[in-house]
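**Student:** What follows is a single structure, and I will ask about it in a moment.
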Amino acid sequence: MPVQAIIELPDHLYRTLSAHGLSKEVISREARKLMAFECYKKRILSLGKSAEFSGLPLWNFIEFLGENGVAVVDYDDEQLKYELNSVEEMGKAF
């Protein structure tokens, strides 16, 4: 069962946003997207759960992350070296 979270805005801010074409639905959708972005960036939620939270399909969320400078694959030097060695070993097996 879905849980609703409510964003309260002062009336004057809502009027300003509304005057710029931002409906309640757009504000809600963008807030979810940005919250999902932050949850992924801070490693609170996985990629899949963040995409689900954002309301975007996975590939669109990945694109959104990239547009905002967040790497989906973020290995440190040691992890990257391990992965590259694993790929090399797999290549030798074939």
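**Student:** So how many Lys-Lys pairs in the chain land under 21 Å Cα to Cα, not counting same-chain pairs under 8 apart?
**Tutor:** Step by step, the pairs that qualify in the chain add up to 6.
**Student:** Calculate the dipole size of the chain relative to its Cα centre from +1 charges on Lys and Arg beta carbons and -1 charges on Asp and Glu beta carbons; express the result in debye to the nearest 20.
**Tutor:** Working: 11 positive and 15 negative charges, 88 e Å.
I would put it at about 420 debye.
**Student:** Which residue, chosen from 10, 54, 26, occupies the Cα position most advanced towards the positive end of the dipole of the chain, where the dipole is computed from +1 (Lys, Arg) and -1 (Asp, Glu) charges on Cβ about the Cα centre?
**Tutor:** Value: 10.
**Student:** Residue-wise, which Karplus ³J(HN,Hα) couplings in Hz belong to segment 10-22, taking 6.51 cos²θ - 1.76 cosθ + 1.60, θ = phi - 60°, and x for glycine or proline?
**Tutor:** x, 3, 5, 5, 4, 4, 5, 4, 4, 5, 9, x, 9
**Student:** Taking 0.36 nm per intervening residue step and subtracting the Cα-Cα distance, what contour gain separates residue 1 from residue 77 on full extension?
**Tutor:** 23.2 nm
Quick note: the coordinates plus some simple rules give every number you see, no bench work behind them. Bear in mind that the values here come from a model prediction, so they are computed numbers and not experimental data. Cβ coordinates were reconstructed from backbone atoms using ideal geometry, including for glycine residues, and neighbour counts include every protein chain displayed.
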